[in-house]
Structures are given as structure tokens and as C-alpha cells.
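Values quoted throughout were computed directly from the atomic coordinates according to the rules given, and no laboratory measurement underlies them. The structure presented is a predicted model; accordingly, all values stated were derived computationally and were not measured. Because the Cβ atoms are built from the backbone with ideal geometry, glycine has one as well, and the counts that use them run over all protein chains shown.
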Amino acid sequence: DTAVSQTPKYLVTQMGNDKSIKCEQNLGHDTMYWYKQDSKKFLKIMFSYNNKELIINETVPNRFSPKSPDKAHLNLHINSLELGDSAVYFCASSPGDKEAFFGQGTRLTVV
Amino acid sequence: AQSVTQLGSHVSVSEGALVLLRCNYSSSVPPYLFWYVQYPNQGLQLLLKYTSAATLVKGINGFEAEFKKSETSFHLTKPSAHMSDAAEYFCAVTTGGGNKLTFGTGTQLKVEL
């Protein structure tokens, strides 16, 4: 059983489109995250949710909107995609105070 | 505030040689420290973690790390490198309590025959 699963794994889309990435965890964790990994492999947190409530929003453009329908799911919707949004997006979950468990990532390519 | 510095974005070792990947942290409170490994086109996998128990931490695949408060370091070592160890390694820090994990910039390990 996959602990943190993301779909899709690859996403190629044109500039200006709107897309969503879904994430689900079956670990029973209260905290979920979205991280962005750029072309230089640098990992930066975007959002953190604790039990469906947003607790961290790291100066991410408003075009990015996370949604957590329940504590096992954290989806990421991106409006008006730009070339600079191309990256690998990782979902992760945590029991709240220590390590995070990561999904396999979604490679987003905007053309 | 918390931060992590990984010295050396690329490290190359011979198969069978010692692996040493450096990590220094900055934290205003006692930290929790982690090493993650990322294989090509994969997610991040936890190698080991320090959570204020033993300062010498053993992880998977023969890796270990030692927490040295006086040096604010958490270097990753492995006595004998294997080809399968070639990957990107990330050091990360958090102060717990639901706070975010902050990652270093990563070190790409290359293992040569």
C-alpha cells in the first residue's frame, strides 16, 4: 500500500491552462504539505495543512490554491499556468512534529 | 528561524571508499535533523533522523550520522560506498510542533568504479 500517493505523476500543459494535482495519504497523519522542487533540485515548502486547516503559506502566488477536503487529502490547484511553474511538486505528510513522508512527485511541464 | 547548509553540491567517491556528506544547521531551539535520499525520478526517502535521543544515529543502507551540538553539524557517513548509493542527498531540519521541514540544497553523490 502506497503511504502518500500523488496523481498524476507527469503533467504537460500549455501556458494559461488550469490544472490540479491530487494527493492522498493513508498514514493517519494530521499534517500534510506541498513542496516544490526546482530544476536545481532545491526543495521549498509551499503550504502546510493541519487537520484540514491551512497553517503555512509560504508567499506562493495566488494562482496556487490548496484544498483539503479531509485530513487524508490535500489537493493543489494551479490557475493560469506559467512557464516558471514547471517543476516537480511533492506532497508529504507528517505525524505533526517530526519527519515527513513524501509522495513520488508530480513533474509539471508548462509549454 | 532554522536553516541548513550542505557543503559540496557534488561529491564523488570510489566504490568501497568512505562516504562523507556534510550538513551544518542553524536553529534557535533544539532541532530535529534528518537525512533524505532521492534517486532519479523518485520521491524522497528517509535515511535517518535525530530526535534528541542518541547522538549517533544509524539509518538504512548502512548510513549513519552524528549530531554534534558544539559544531552544529549532522554529517552523514557510510564506511564503504556502493554503486547503488549514487543519488541526491538532502539534510533537513525542523523544530517540531508542526513546523515545516527546511531542506538544504542537496548533495549529489557519484560513485565510481
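Summary table
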item: Ordering of A:103-111, B:51-59, A:27-35 by packing [mean C-beta count within 10 Å, highest first]; result: A:27-35, A:103-111, B:51-59
item: Kirkwood-based Rg to Rh ratio, the protein assembly as shown, C-alpha trace; result: 0.98
item: Taking A:I78, B:I60 and counting other C-beta atoms within 10 Å, the order from fewest to most; result: B:I60, A:I78
item: Filtered GluC sites (Glu not before Pro), the stretch A:5-111: DSSP coil and at most 14 other beta carbons within 10 Å; result: A:E58, A:E82
